[in-house]
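Below is one structure, written out as structure tokens, with a few remarks after it.
Laboratory data are not the source of any read-out in this text; all were calculated from the coordinates shown. Keep in mind the model is a prediction, meaning the values are calculated, not measured.
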Amino acid sequence: MSKEKKQHPNEQQPKAQPDGGARDTDVLTAAEAAALLGVSRWTLYAAANRHEVPHRRLGRLMLFSRQALMLWLQHASPRNAGMEDEDAGLP
């Protein structure tokens, strides 16, 4: 008898790209989003719980949109990003 894990009919496997890589998805797990942002998973969870990072909850699972994270980074104010910009009129 084979002990292979049976796939649920609604469960999707990543589709292979022509170059052999996995499908590039817009929905990220916390681990994937943390790697994208260069922070630990726990730092990301804490920021998401403070509503500082765009995310969605699905039960206990936290999901992140790659596009929303990129927009969030682009529109972060210099003060929130820890950068000072004399032209921004910040004190």
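Return a whole-number percent for the relative contact order of region 27-78, with Cα pairs under 8 Å and 6 or more residues apart as the contact set.
36
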V27 long-range amide H proximity, modeled H, under 5 Å: R66
3J(HN,Hα) from dihedral phi, region 48-53, Karplus parametrisation 6.51/-1.76/1.60, rounded to Hz, x for glycine, proline: 5, 5, 8, 6, 8, 10
Potential lengthening between W72 and T29 on full extension [0.36 nm per residue; Cα-Cα distance subtracted]: 13.8 nm
